[in-house]
Amino acid sequence: MTRKKIIAGNWKMFTTVSAGVALATEINMGLQTRDLSNKKAIVIPPYTHIHAIINAVGANGNLGVGAQNCHQQKEGAYTGEISPVTLKEMGASYVIIGHSERRQYFNETEELLNAKIKAALAEGLTVIYCIGETLSQRESDTHFAVIEAQIKGGLEDISTEEMNNIILAYEPVWAIGTGKVASPAQAQEIHQFIRGLINAKYGNAVAKNICIQYGGSMKPENAAELLSQPDIDGGLIGGAALKAEQFLAIIDAA
């Protein structure tokens, strides 16, 4: 089975609204000349940009639009948070849950992430659920156990049917900004392990269909080799997503 390659650009806390609209428009124009029959491109800007970007590129075009996080409640006295209900109304189709930076800087646990996943799915959003180990976990040889715990905790009580709206993104936190590099073989090893966990939990059909992205500093220079691995189904792109030419080059590599 050939899974669709999904390339998602996480803009993090970069770009103003006007710059974000310009970037998304340039990416969208580039997509018009490309064969996307087995690919999907997504931009994930700050919340403030979502509505303006969708107005610029269209809600049902080649370019998907998502959010970087959401709260686990529909509404409430949660100053500074954003509800999945609001994201859906703004036109977002995707939401990242459990990014390594959310885990690191905001102490998000699997229990909390599980609640967020359920809330996002309930509003019809497709979840990009991030998992991955730190450098100390990799060096202590506990990375497989860490990944397994993240899968088990984050996807607790998520049904087989709901898994149709889940994308997994493996982030080798140890290889991001540390000077160390995850080889394609190392990335494939973990992706294969993750697919095996999904197979054990949900069965072969779900495991074969689920998209598992790689989120370890994918760039035009390494994208083709990474995306050629049998269990790597796309990328969650950071820095390279902020330049249309580089982002489009990664899409081409897929």
Among helices (runs of 4 or more DSSP H) lying entirely in region 1-104, which contain 3 or more residues that are in contact with a Ser or Thr (Cβ under 9 Å, 6 or more places away or on another chain) and among the aliphatic types (A, V, I, L, M)?
-> 17-31, 50-57
The lone condition A119 fails out of (1) touching a Phe, Trp or Tyr at 6+ places or on another chain (Cβ under 8 Å); (2) over 25 Å from A182 (Cα atoms) is (1)
Picking from K208, K201, which residue would you name as being more than 14 Å from the chain's Cα centre (by Cα), of a type in the set (D, E, K, R) and either over 24 Å from D252 (Cα atoms) or crowded, with 19+ Cβ neighbours inside 10 Å (or both)?
-> K201
A careful count of residues in region 50-85 that are modelled with pLDDT of 95 or more, under 23 Å from A19 (Cβ atoms) and under 18 Å from the mean Cα position of the chain (by Cα) gives 8
Look at region 240-254 and say how many of its residues are part of a loop (DSSP other than H, G, I, E, B) and among the hydrophobic types (A, V, I, L, M, F, W, C).
-> 1
Kindly indicate the residue of region 51-67 that is touching a Leu at 6+ places or on another chain (Cβ under 7 Å) and buried (at least 19 other Cβ atoms within 10 Å of the Cβ) and also nearest to G215 (Cα to Cα) among those meeting that condition.
-> A67
Region 187-239, subset touching a residue at least 60 places away in the same chain (Cβ under 8 Å) and either polar (S, T, N, Q) or assigned to a helix (DSSP H, G or I) (or both), residue nearest to H143 (Cα to Cα) | I194
Within region 192-231, which residues are among the hydrophobic types (A, V, I, L, M, F, W, C) and either farther than 24 Å from F247 by Cβ or in contact with a Cys (Cβ under 9 Å, 6 or more places away or on another chain) (or both)?
-> F193, I194, L197, I198, A200, A205, V206, A207
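The values are calculated or read from the model by the stated rules, or taken from the named source; none is laboratory data. Note that the structure is a prediction, hence the values are computed from the model and not measured. Virtual Cβ from ideal backbone geometry, glycine too; neighbours counted across all protein chains shown.
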